[in-house]
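What follows draws every value from the coordinates through simple rules; no lab data is involved. What you see is a predicted model, and the numbers here were worked out from it, not measured in a lab. Here the Cβ is made from the backbone with ideal geometry for all residues, glycine too, and neighbour counts use every protein chain on show.
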Amino acid sequence: MTKRTEYKTIPPNTMLYRAALTVETHPTPRLCSDTEKTGVYFSMNHPWLSENMVIEYDTDLLISVYKTTEPITVPIGKYNSSGGSHIEPEIIPLNDYVNTPHGEYYQNHPAIELFLTHENLSKIEYIGCYFRTVKEATEIWCRS
């Protein structure tokens, strides 16, 4: 018996975040070696996952901010699910994002790693970006 794929719909005006070395007003889809699908990864609802990329890569990065302009339907799976950082806690001990200054919001809007394919990238709008240094990200997200 074939397993049926389940889907969820991301509503309009949902905030998305992406860490990169350059400003990406229109993110370019790339082949994912894990899934062999082409698309772009985002952190949905808040920047926690994207900002942790600064720590994981140990380099200052721009965090681009987007919002969805219309509903986007995506399959539920490994790369479209509530998730945590890709950083192993034994290597870099991260704070639980609930204990950060915006913890109440984060608690009610869980971190989602979202993978959007080419056809869905036209349904997002670039809002702006900000620069996050390794030092800042470490002070915000890492336990001392």
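Odds and ends about this structure:
- Using the Cβ of THR59 as centre and a radius below 14 Å, the other residues enclosed give a net charge of -3, where K and R count +1 and D and E count -1.
- Stretching the chain fully between GLU36 and VAL134 yields a gain of 32.3 nm (0.36 nm per residue, less the alpha carbon separation).
- Calculated FRET value between THR117 and VAL23, using beta carbons and R₀ = 22 Å, to 0.05: 0.50
- Spherically averaged projected area in nm², based on the convex hull that wraps the Cα atoms of region 1-66: 6.0
- Here the Karplus curve 6.51 cos²θ - 1.76 cosθ + 1.60, taken at θ = phi - 60°, turns the phi angles of region 64-69 into couplings of 7, 10, 9, 9, 6, 9 Hz, with x standing for Gly and Pro.
- Summing Lys and Arg as +1 and Asp and Glu as -1 over all other residues whose Cβ lies under 13 Å from the Cβ of GLU119 gives a net charge of +1.
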